[in-house]
Amino acid sequence: MFNFFKKKAKPNGKSKLPKLIDLFDQLLNEGDFVIAYRYDLGKSRVLLEEGHYYYESVENGKKVIWTRMIDAITEKQKVKKLDS
């Protein structure tokens, strides 16, 4: 009648991956090395596996998904990009 409960069409296509930005506004890409300030990761590498970003520690092999590294206030990653 008034179409109040009509389903809205969802946009087609793959979901976009988020832009990863470190604490100093540097864009992070797959393969970059960073210093992670959480979860005792230390020096880590940015990985992309099955559509999700991970930080893998070079020192101890721990792997943490990118969403756990988000700073709630700034919405940036709690990491610092290392110069390559």
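Where a number appears in this text, it was derived from the coordinates with a stated rule and is not lab data. As the structure is a computational prediction, the values presented were derived from the model and not from experiment. Positions of Cβ are generated from backbone atoms using ideal geometry, with glycine treated the same way; all protein chains shown enter the neighbour counts.
In terms of its Cα atoms, the range 20-81 spans 28, 24, 17 Å along the principal axes, sorted from long to short. Sorting Val79, Val58, Val46, Val34 by the number of Cβ atoms found within 10 Å of their own Cβ, with the fewest placed first, yields Val58, Val46, Val34, Val79. What the phi angles of the range 41-49 give under the Karplus curve with 6.51, -1.76 and 1.60, with θ = phi - 60°, is a coupling list of 7, x, 6, 9, 10, 7, 10, 10, 10 Hz, glycine and proline written as x. A simple charge model with +1 on the Cβ of Lys and Arg, -1 on the Cβ of Asp and Glu and nothing else charged puts the dipole of the range 20-81 at about 220 debye relative to its Cα centre.
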